[in-house]
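Working notes, structure below.
The values are calculated or read from the model by the stated rules, or taken from the named source; none is laboratory data. Note that the structure is a prediction, hence the values are computed from the model and not measured. Quick reminder, even Gly has a Cβ in these numbers, built from the backbone with ideal geometry, and neighbours come from all protein chains shown. Accessible surface areas use protein heavy atoms only, side chains included; no ligands, DNA or RNA. Shrake-Rupley method; radii C 1.70, N 1.55, O 1.52, S 1.80 Å.
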Amino acid sequence: FDPGNTGYISTGKFRSLLESHSSKLDPHKREVLLALADSHADGQICYHDFISLMSNKRSNSFRQAILQGNRRLSSKALLEEKGLSLSQRLIRHVAYETLPREIDRKWYYDSYTCCPPPWFMITVTLLEVAFFLYNGVSLGQFVLQVTHPRYLKNSLVYHPQLRAQAWRYLTYIFMHAGIEHLGLNVVLQLLVGVPLEMVHGATRIGLVYVAGVVAGSLAVSVADMTAPVVGSSGGVYALVSAHLANIVMNWSGMKCQFKLLRMAVALICMSMEFGRAVWLRFHPSAYPPCPHPSFVAHLGGVAVGITLGVVVLRNYEQRLQDQSLWWIFVAMYTVFVLFAVFWNIFAYTLLDLKLPPPP
């Protein structure tokens, strides 16, 4: 079909090839390929683009098919197809929960193999539950564990006097204020985080989650300097706020059922958990002069979610390193981290701040 070895064939010949071999092609993939053919104004299809598409690689040609293709999808939407197994319907629902375009949903359905599974969010959740149960047994207390006098002695908690121990800026996610704190965080990160990881992968979702966790503890060290930090709310709020912002930005394309009601429920749950954290922070401490854990980590997670997180979730079909906005937010995040590090080194001494004694 390319006797001159130019590396291109005409879009007309390309369409005739698709039609003659349509019975051998998956119908969803055929629609993507036809959208590709319609998006090339120069009347030619590159062999490399064709191979990339058939190999399930996300290429520039596929992005052009999505952004420029003017062909209307003729087949039924994924959720309207009949005879689906439970796993097929689950994958389709995940696509509708997270992706705003039908052609993108079909590409995801054709490409998703559940290998690897969404291991990151499941592993983090299991570790958080395991640490909570261990602390509950050792302390003999499961509700409002943070009021126990030995709670802050754990080496995982972020404490302002021990801020030089750098691992505490991350490991505090494995300590929760009580079962009421753990329960809501676990529910939110499983309901939101697992579907997002199924679509975007462990690397992207793990990046948003960990960035939210680190930003949360650093924000506390800058804005609430005398308070400790516990809980995974920084990471959870980063994921949830990024997902909600993505729904709002792509409102017309998002086809998840009852999206307005579900957004309202998510915001109510987040507000209740944040309100609990604020109340606990200003409640008289069980171990004065050290206050109860700070709520500022929640705000740090939200800030990460509506910056880095939105870019990650918006660009399912494009590499992040190709996005100028991605690099802008990475630079902003890096500047904040560096500022917080220097703040922790110098500000406590310069301000002559009286910190609570180490646990």
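Structure values in brief
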{"quantity": "Helices (runs of 4 or more DSSP H) lying entirely in the stretch 244-359 (those with 3 or more residues that are touching a His at 6+ places or on another chain (Cβ under 8 Å) and open to solvent by less than 20 Å² (accessible area, probe 1.4 Å))", "calculated": "259-282"}
{"quantity": "Search result, residues across the stretch 98-153 that are among the small types (Gly, Ala, Ser) and over 29 Å from Gln257 (Cα atoms)", "calculated": "Ala130, Gly136, Ser138, Gly140"}
{"quantity": "Residue count for the stretch 142-176, restricted to those that are open to solvent by less than 50 Å² (accessible area, probe 1.4 Å), in contact with a Gly (Cβ under 6 Å, 6 or more places away or on another chain) and part of a loop (DSSP other than H, G, I, E, B)", "calculated": "1"}
{"quantity": "Residue in the stretch 224-231 that is surrounded by 24 or more Cβ atoms within 10 Å (Cβ to Cβ) and hydroxyl-bearing (Ser, Thr, Tyr) present", "calculated": "no"}
{"quantity": "Given (1) farther than 27 Å from Arg89 by Cβ; (2) in contact (Cβ under 8 Å) with a residue 60 or more places away in the chain; (3) crowded, with 16+ Cβ neighbours inside 10 Å, index of the condition Val210 fails", "calculated": "(2)"}
{"quantity": "Pairs with Cβ under 7 Å, 6+ apart, first in the stretch 237-248 and not assigned by the TED database to the domain that holds Tyr96, second at pLDDT below 90 and not in a helix (DSSP H, G or I)", "calculated": "Ile247/Met254"}
{"quantity": "Residues satisfying the stated conditions in the stretch 277-308, i.e. modelled with pLDDT under 90 and within 19 Å of Gln189 (Cβ to Cβ)", "calculated": "none"}
{"quantity": "Selection within the stretch 107-126 - at pLDDT 95 or above and surrounded by 13 or more Cβ atoms within 10 Å (Cβ to Cβ)", "calculated": "Phe120, Met121, Ile122, Val124, Thr125"}
